[in-house]
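A short reminder: the numbers here are calculations on the coordinates, not readings from a lab. Only a predicted model underlies this, so the values are computations on that prediction, with no experimental measurement involved. Every residue, glycine as well, gets a Cβ built from its backbone with ideal geometry; the counts of neighbours run over all protein chains shown.
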Amino acid sequence: MELLIKNGFVYDPINGVNGEKIDIAVKNGKIVEKVNECKAKKINASGMVVMPGGVDIHSHIAGGKVNSGRLLRPEDHYRDFEKKTRITRSGVGRSVPSTFTTGYRYARMGYTMVMDPAMPPLEAKHTHEELSDTPLIDKASYPLLGDWWFVLEYLKDGKIEECARHVAWMITATKGYAIKLVNPGGLEAWGFGNNVSSLDDQIPHFGVTPREIIRGLCKVNQLLGLPHTIHVHTNNLGVPGNYATALETMRCVEDLAAGGKPVIHITHCQFSAFKGDDWRTFESGAEEIANYVNACSHVTLDMGQVIFTDTTTMTADGPFQYSLHTLSGNKWVNHDVETETSTGIVPFHYKRKNYVHATQWSIGLELALLIRDPWKILMTTDHPNGGPFIAYPKIVAWLMSRKAREATLKRINPKARSRSLLQSIDRELDFSEIAIMTRAGQAKALGLNCKGHLGVGADADIAIYNFNPETTDPSRKYKAVRRVFKKAAYTIKNGQIVAKDGEVLRHVNGATFWLNVQTREPAVLTAEMQRRFKEYWTVEYENYPVSENYLAVSHPITVKADV
Amino acid sequence: MSVVTAVTCPVCGCLCDDIELTIHDNKVVKVKNGCAMCEAKFMGYSSEHRLLKPMIRKNGELVKVSITEAVKKAANILAEANYPVLYGWSNTSCEAISVGIELAEEVGGVIDNTSVVCHGPSLLSIQEVGIPSCTLGQVRHRADLIIYWGSNPWSSHPRHIERYTAFSHGRFKKSAWKNYVTKIKALVGRKKVQSAIKRLFVKEKIPSAVALSNFRHTPYLQTGKNSRKLIVVDVRRTKSAEIADYFVQIEPNKDYELLQALRALVRDQELEVDNVAGVPVEYLEEIVDAMVSCDFGALFFGLGLTMSGGKMRNIDAALSLVRDLNMRTKFVIMPMRGHFNVAGANTVFTWQTGYPYAVDFSLGYPRYNPGETSVVDILLRKESDAALIVASDPISNFPRKAAEHLTENPLIAIDPHMNVTAQVADVVIPSAFAGIEAAGTAYRMDHVPIPLKKVVEPPKGVLPDETILQRILAEVKKLKQANVREEA
Ligand code: SF4
Ligand SMILES: [Zn+2]
């Protein structure tokens, strides 16, 4: 099928296109030079913004943890549901939507690819079953490897190549996409109810430190040549004073960077940018983080923006979630996974009038606005931790409009308002910068060459928003910005229009991307490995890997590593 | 003759996946590593009452028909019904469940699984309180205190203790089997001890050092830092109770009182009575000491807690007790799920609809209100007008009034067996055994997904649940389209 998108204002930062009126041609699911004008279906995009489809580098949409969140919160679903239509399946929404609804809602906003960032390897099949049931968008998932016993043991013995081979095996076996670390070392300690509090704490029973894990896996990532960097949720997340830990985490891999390329991604940085000694002296550490990031080139971040709403927090950071439970008194789910990781879930309500919550809201935006290079700071809410992804249009409006920020600032806790750095920030992002933070930069950080741009050969994943930047000023008309980003005029996936003006037109599967990491010497199933496998896990080696039939549409990417 | 390894046992929620089967002539002839229940299933699944042909009731009699006719009839019944119920799902694969949910949505019916009659109250409590839990390997590696409450794993989940808890061998905590073997020896005959030892060492050779005669003199009898303690709370002195370090015999229906007393003691409050639920407070204090001083405690609860007086209140209290214990040490809690894939049914229901059971699609979107949308209540209110039962036998285990309403309306049964429900059904479709004759996925009681293998061919013409349901769904869609066209 051929498609021609005519006369739109195109924002394609990767190809240096900044609002120019050009036509985009699509054939067989790819962007092409040109199509037969007479035969092609034409979309008149005049007076509209055309961008690559949105990409989300970090959003908890599938797997055991998300599903426990759904189970825990029937009250979250009662008021927000979607009826079955001739085309779509029914489902429930709010902070932990059911799988079908998740796919539809992303597509309606013009998103076409979403990364689930926390897959317990032992439960990888569950994540993939849910991803396969999430329609319209492409997706991938990051296996949690920072506390995996194999990693801890190899790193303790300094066997970096062995470690790399096993990580390669694991990513391939779980059909994963990147190396994820969550509170490295802290989750193993949580197995006995403890935690770590600095990069140099010894992890009980294993004799390695968080610093050694972060550096070790960073090196492993380089040895394997994976498309994304290590993806790190820092130690001390959610603890006042943790901006120092975030800085140290970024610093600790500085020397491993080469050629100005990023080697670490600090995720939902807002939660790791707290200054102060306790909740009373709590304040923003965004400026310190921004200053550091502005002066270096080995880091990318995503925001983890807080939205004032009722949501469900869920991370692999068991000890953090427990502290959130004791702090809030809200119901709590914990699920530790043998040999690998943990999980915690706590419902949470961010309130405008609460000093800490309002300051958190401010920190996210401060980071996005103080970090000068939008390629380094990507837009997320760490869905659903900072708030559900359906709130993205609000964030776009805050970033594009000082007026929008002021309107919210007026209504937040007065102490938080008076201390907020936002008062002194005039910066307003333009559509090109928004395109970077919501698609181009995300795809680039992920090393996804076929996503995030509209150059010839790219996947024809396209979003069209009904906003005329020539006649309308997004800074003044921020409510219009919110409106158009909520419902894309068109969402095109693989060259097919899947949603139009908020209505889903098709229920088609997206693909699941995964890395087939081939090492020179594979981590073979030696007798030793088999013995360890039996000892470490309660399932058999044969039953552990995720076979390809768990993926509705499988999209393997082969990575050849020289180890 | 061929040997298949790493087969998953489709019987109980332990979902042991280390079974070794010898297959000869499309039959399982030998089962290794499994318990008696597992062996019985693999060796005897196909013997009696096996359904082989689809049937439809005509003039009061079930007569054999083609699969196409049976599917058409089933689709007709469901498409014409106003408020059908689709029930069962705990003894089949997640893949089949997934199709079942779409079918329920398509016909605007209610889909419910067997949780409604077992751990339904547990799920409701989890939605109130939350749950601190983990995978079973975590217990194996770390737990030094194991509690079974209202559960007798020795007979209901025979390998639970040896694979995951007291008798298992973990990284930080060693198996306590030696202690138990001596204990059993004191209690029962020599033969039983030997078979117990054999089971524990099933993969290794029995070390000569453990030969029974030497037992008393071996250095294995440790009660040190790495040993495990077992507590059993039950109304009866069960087999599991006999091997426990502490047995708390509780008066029937007094679980709530006992749990609240334990909670008070954990919070260092004094109890002003001598006895709670028939248990001396001194004994309880000793148990609470063990609870707060362990490194890692795990409480497993069964239907003895879920179904005794108080039900949901009991589970609320148990979950709260364990949550409180986390202020003192590490503690987890887990329901002992019975059917091999009841956890999978809850899991798939939840990711597709947001709710774990009792999901009503009659308004076109998922609604959940156990008590109202749960199948037994619907039947008791006589609201449904058709039913599809998959891999379950509600006629023989639902309350009589509920079962009666099932039989008063068109009833479809999909099952490998001619069970009571199939005998009274209007459409009967034989299905392949999930995990023996059909592959798929199941979720263990701790929510670890494990593949089910197809190890033998089903009898000729017999299809897996998933395929049968897909065919019914396709037929229902066709009927609906035809209706739309007619109206237009
Ligand atoms: S314990 Fe349960 S799952 Fe394991 S072998 Fe026995 S019946 Fe099968
Ligand atoms: Zn996250």
Please work out the C-alpha center-to-center distance from the range A:55-69 to the range A:421-491 and express it in whole Å.
23
Using alpha-carbon positions, what is the distance between the centroids of the range A:301-324 and the range A:170-212, in Å?
19
Longer than 19 Å from Cα to Cα, which of A:Lys175/A:Lys376; A:Lys83/B:Lys72; A:Lys6/A:Lys444; A:Lys41/A:Lys139; A:Lys353/A:Lys410 are they? Say none if no pair is.
A:Lys175/A:Lys376; A:Lys83/B:Lys72; A:Lys6/A:Lys444; A:Lys41/A:Lys139
quick note, chain B, DSSP beta bridge pairs, % antiparallel (nearest 5) is 40
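Can you pull the mean other chain C-beta count within 10 Å for peptide B:125-134?
Working: counts 0, 5, 6, 2, 4, 12, 9, 9, 6, 9.
For peptide B:125-134, the averaged partner shielding equals 6.
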In percent, what relative contact order does chain B have, based on Cα pairs under 8 Å that are 6 or more apart in sequence?
26
Report the trypsin sites (Lys or Arg not before Pro) located in the range A:489-557 that are in a DSSP loop and have at most 11 other Cβ atoms inside 10 Å of their Cβ, or state none.
A:Arg520
In deg cm²/dmol, rounded to 500, what helix-only [θ] at 222 nm does chain A give when every DSSP H run of at least 4 residues adds -39500 (n - 2.57) and the total is split over its residues?
-8500 deg cm²/dmol
Hull surface divided by four, with the convex hull built on the Cα atoms of the protein assembly as shown: how many nm²?
43.6
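What net charge do the residues around A:Glu82 carry, taking every other residue with its C-beta under 10 Å from that of A:Glu82, with Lys and Arg at +1 and Asp and Glu at -1? All intermediate terms of the calculation are to be shown ahead of the outcome.
Working: positive: A:Lys83, A:Lys84, A:Arg89, A:Arg105; negative: A:Asp80.
That sum, taken over residues with Cβ under 10 Å, equals +3.
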How far is the Cα center of the range A:248-277 from the Cα center of the range B:298-352, in Å?
40
Beyond a 30 Å Cα-Cα separation, which of these cross-linked pairs lie in this structure: A:Lys180/A:Lys560; A:Lys534/B:Lys311; B:Lys73/B:Lys460?
A:Lys534/B:Lys311
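Using the 10 angstrom Cβ neighbour count as an exposure proxy, how do B:Lys239, B:Lys174, A:Lys444 rank, fewest first?
Numbers: B:Lys239 15, B:Lys174 18, A:Lys444 21.
Going from sparsest to densest Cβ surroundings: B:Lys239, B:Lys174, A:Lys444.
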May I ask you to list the lysines whose Cα is less than 18 Å away from that of B:Lys30, ignoring any residue fewer than eight positions away on the same chain?
B:Lys41, B:Lys198, B:Lys203, B:Lys453, B:Lys454
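Quick one: compute the contact order of chain A, relative version, from alpha carbon pairs under 8 angstrom and 6+ residues apart, as a percent. Before the final figure, lay out each step's value.
Values: 1408 pairs, mean separation 116.7, N = 563.
Dividing the mean separation by the residue count of chain A yields 21 percent.
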Given backbone amide H placed at 1.01 Å from N, residues whose amide H is under 5 Å from that of A:Glu2, ignoring those fewer than 5 places away on the same chain, are A:Lys41
Kindly put B:Val266, B:Val376 in sequence by how many other C-beta atoms sit within 10 Å of each C-beta, fewest to most.
B:Val266, B:Val376
For a protection proxy built on the mean count of beta-carbon atoms within 10 angstrom, sort A:33-42, B:130-139 highest first, please.
B:130-139, A:33-42
In the range A:58-148, what trypsin sites (Lys or Arg not before Pro) fall in a loop by DSSP, with at most 15 other Cβ atoms inside 10 Å?
A:Arg79, A:Lys83, A:Arg86
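Please give the peptides B:159-172, A:204-217 ranked by average Cβ packing (other Cβ atoms within 10 Å per residue), highest first, as a rough proxy for protection. Walk me through the numbers on the way to the answer.
Details: B:159-172: 22.8, A:204-217: 21.1.
Order by mean packing, descending: B:159-172, A:204-217.
Across peptide A:418-428, how many C-beta atoms of other chains are within 10 Å of each residue C-beta, on average? Let's see the in-between values first.
Numbers: counts 0, 0, 0, 0, 0, 0, 0, 0, 0, 0, 0.
Taking the mean over all residues of the peptide, I get 0.
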By average C-beta atoms within 10 angstrom, highest first, the peptides A:149-157, B:88-96:
B:88-96, A:149-157
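Just to confirm a number: summing +1 for Lys and Arg and -1 for Asp and Glu over residues other than B:Thr165 whose beta-carbon lies under 9 angstrom from that of B:Thr165, what do you get?
Values: positive: B:Arg140, B:Arg163, B:Arg228; negative: B:Glu162.
So the environment of B:Thr165 carries a net charge of +2.
Please compute the average number of Cβ atoms from other chains found within 10 Å of each residue's Cβ in peptide A:91-98. Mind showing how you got there, number by number?
Working: counts 7, 8, 1, 1, 0, 3, 1, 8.
Per residue, the number of nearby Cβ atoms from other chains is 4 on average.
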